[in-house]
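A.B. asks: Please read through the structure below; I'll follow up with questions.
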Amino acid sequence: MLLPVTVLLRRADAAAVIWAALLARAAGRGHRTIAAGLRVPASTVRGWLRRMNTRLEQVRVHFTVVARRAGIDQSAPTAAGNAWRDLVAAVGAAWVAVTTRFGPAGLVGAVTVGQVAAASSGGRLLAPGWPVSPGHC
């Protein structure tokens, strides 16, 4: 089955909702506050954050490589001094590279950061065993 870029493998919530939770965590919010703001069960948000917390560096490297491969003369994202903010910067750099190279609109409208994260991870952003190796695309 092909998944649209608006969802992630084995997740009931849209990629945009999950991305919003990851952004909120990078901003320093806790899982209960994030869950209340997104109207998602706290246990679900806690699961997303725990899964991502175990792979922050590998995912940051993956999206840095995506940004470099998709971008033209693009510099590496500046380190933010926090693993969560560094991840957000890397995904943001990948989004800028993809939308600069291929255009800001796709088949489903404007290309969002969450869609770039979902598509360039093959929908596996929070799936077990992903990423396979650092820099694997």
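No value in this document is a laboratory result; all are computed from the given coordinates. This is a predicted model, so every value here is computed, not measured. We place every Cβ from the backbone using ideal geometry, glycine too, and count neighbours over all the protein chains shown.
A.B. asks: To make sure I understand, if each residue's beta carbon is the centre and we count other beta carbons within 10 Å, what order do Asp86, Asp13 fall in, fewest to most?
C.D. replies: In increasing order of surrounding Cβ atoms, one gets Asp13, Asp86.
A.B. asks: May I pose another question? Divide by every residue of the chain the summed helix terms, -39500 (n - 2.57) for each DSSP H run of at least 4, and state the resulting mean residue ellipticity at 222 nm, rounded to the nearest 500 deg cm²/dmol.
C.D. replies: That calculation yields -17000 deg cm²/dmol at 222 nm.
A.B. asks: A follow-up question, please. Could you tell me how far the Cα centroid of the stretch 44-82 sits from the Cα centroid of the stretch 9-24, in Å?
C.D. replies: The distance from the Cα centre of the stretch 9-24 to that of the stretch 44-82 comes to 15 Å.
A.B. asks: Rank Ala42, Trp84, Phe102 by how far each Cα sits towards the positive end of the charge dipole of the chain (+1 on Lys, Arg Cβ; -1 on Asp, Glu Cβ) and give me just the farthest.
C.D. replies: Positive-end residue among those listed: Ala42.
A.B. asks: Contour minus end-to-end for Ala80 and Ala42, with contour as 0.36 nm per residue of separation and end-to-end as the Cα-Cα distance?
C.D. replies: 11.0 nm
A.B. asks: Relative contact order, percent, of the stretch 15-120 when contacts are C-alpha pairs under 8 Å separated by at least 6 residues?
C.D. replies: Dividing the mean separation by the residue count of the stretch 15-120 yields 27 percent.
A.B. asks: Taking the Cα-to-Cβ direction at Glu57 and at Arg101 and moving 7 Å from each Cα, how far apart do the two end points lie in nm?
C.D. replies: Output for this residue pair reads 2.6 nm.
A.B. asks: Which three extents, in whole angstrom, do the alpha-carbon atoms of the stretch 58-137 cover along their principal axes, largest first?
C.D. replies: Over the stretch 58-137, Cα extents along the principal axes are 29, 27, 19 Å.
A.B. asks: Could you state the per residue volume, in Å³, of the convex hull enclosing the Cα atoms of the chain?
C.D. replies: 105 Å³
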